[in-house]
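Novice: Below is a structure I'd like to ask you about.
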Amino acid sequence: MRLYVGREQVPCALVVRVGEKGLLRACELNSLGEDNYSMLLISQTAEGDIKISRDRPKLHYDRGERSVLLHLTARNPADNQDITLRFIPGSENPVFNPPWPALAAADPDDEAPDLGMSDDALAKAQVGSWVIAPKDADYSKHGFISVYHANGQVDGYAYADVACQKPTRTVHGHWKIEAGQLKLTISGSSDPEAYPVGAATTDTIMQVGNDKQVLKASDGTYLYRLKRDTCVVPKS
């Protein structure tokens with residue numbers, strides 16, 4: 001199930017099985033922050049009128065389990081339910097695959113690396129300060145500045161706001177480019193719970209330019225970065 005982290009409202013589709021049949025309902029996911037969402041159910045009456053549910057089921061995305069916990073509230077509190085959703089659309093019924101809205105990471109230009117650059121050239125291009133681009137799914141959640149040094153050191157500065165005015169954490173580590181991949185290992189952190197020392201990431205460099213970069217993380221997520229010293233302030 002894709003919840004499109006970083007977007008406030010996302011259209012969705014929900015299938016409810018009744019016996020051998022399934023009912024398709026339109027819905028809308030609303031971000032509540034911190035991987036929490038509410039779901040607005042939309043249906044159509046026999047007369048063709050649009051009906052919007054008053055109750056909004058709550059959802060929580062568990063990154064570790066890669067599943068979604070759906071909490072249903074009943075009139076009788078004893079009948080409240082927690083349902084774990086793991087495959088939506090389900091692999092058991094591949095025929096039903098609704099047209100999910102395109103993620104920024106699904107742009108055709110990002111699907112395959114077209115670099116024509118050696119690791120040494122990529123390393124030279126990596127040196128400098130990089131920030132989260134507005135196109136990135138995490139942009140609306142927080143700010144982050146990564147400063148890559150030519151000696152293989154990297155410093156990271158996390159902020160509570162996208163404009164990078166409210167610092168929250170700092171992290172330090174080592175980086176290198178191997179076979180077109182950016183490899184980073186954390187060696188120091190002001191918040192080991194959020195950024196554990198020894199943690200490592202490997203991101204494939206899909207595109208790189210004088211002032212922009214597209215990376216593909218090991219989980220398939222696309223990361224969009226801009227080469228600049230200050231974060232991008234949202235347009236009012």
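Novice: I want to confirm something. Restricting to segment 171-193 and keeping residues that are part of a loop (DSSP other than H, G, I, E, B) and in contact with a Lys or Arg (Cβ under 6 Å, 6 or more places away or on another chain), which single residue is surrounded by the fewest Cβ atoms within 10 Å (Cβ to Cβ)?
Specialist: We begin by selecting, within segment 171-193, every residue part of a loop (DSSP other than H, G, I, E, B); these are 179-180, 190-193.
Filter once more, keeping what is in contact with a Lys or Arg (Cβ under 6 Å, 6 or more places away or on another chain): 190-191.
On the way: S190: 14, D191: 12.
It comes out as D191.
Novice: Pick from segment 200-224 the residues that are surrounded by 15 or more Cβ atoms within 10 Å (Cβ to Cβ) and over 18 Å from the mean Cα position of the chain (by Cα): which of them is nearest to A121 (Cα to Cα)?
Specialist: My answer is V208.
Novice: Farther than 16 Å from S190 by Cβ and in contact with a Cys (Cβ under 8 Å, 6 or more places away or on another chain) - does that describe any residue in segment 133-142?
Specialist: Step one: of segment 133-142, the residues farther than 16 Å from S190 by Cβ are 133-141.
Applying the additional criterion that residues be in contact with a Cys (Cβ under 8 Å, 6 or more places away or on another chain) yields none.
Looking for residues that are farther than 16 Å from S190 by Cβ and in contact with a Cys (Cβ under 8 Å, 6 or more places away or on another chain), one finds none in segment 133-142, hence no.
Novice: Also, I was wondering about something else. Residues of segment 113-141 being assigned to a loop (DSSP other than H, G, I, E, B) and out of contact with any Phe, Trp or Tyr (no Cβ under 6 Å at 6 or more places or on another chain), which ones? So that I can check it myself, show each step before the final result.
Specialist: Initially, segment 113-141 is screened for residues assigned to a loop (DSSP other than H, G, I, E, B), giving 113-118, 127, 133-141.
Those that are assigned to a loop (DSSP other than H, G, I, E, B) and out of contact with any Phe, Trp or Tyr (no Cβ under 6 Å at 6 or more places or on another chain): P113, D114, L115, G116, M117, S118, P134, A137, D138, Y139, S140, K141.
Novice: One residue is enough: does segment 138-146 have a residue meeting the conditions more than 26 Å from V233 (Cα to Cα) and touching a residue at least 12 places away in the same chain (Cβ under 8 Å)? Steps first, please.
Specialist: Kept after step one, since they are more than 26 Å from V233 (Cα to Cα), are these residues of segment 138-146: none.
There is no residue in segment 138-146 that is more than 26 Å from V233 (Cα to Cα) and touching a residue at least 12 places away in the same chain (Cβ under 8 Å).
Novice: Take T185 and decide whether it is out of contact with any Gly (no Cβ under 8 Å at 6 or more places or on another chain) and assigned by TED's automatic domain parsing to the domain that holds K124. Outline the logic, then answer.
Specialist: Working: out of contact with any Gly (no Cβ under 8 Å at 6 or more places or on another chain): no; assigned by TED's automatic domain parsing to the domain that holds K124: yes.
Against the criterion (out of contact with any Gly (no Cβ under 8 Å at 6 or more places or on another chain) and assigned by TED's automatic domain parsing to the domain that holds K124), T185 does not qualify.
The values are calculated or read from the model by the stated rules, or taken from the named source; none is laboratory data. Quick caveat, the model's predicted, so the values are computed rather than measured. Neighbour counts are summed over all protein chains in view; Cβ atoms, including those assigned to glycine, are modelled from backbone coordinates with ideal geometry.
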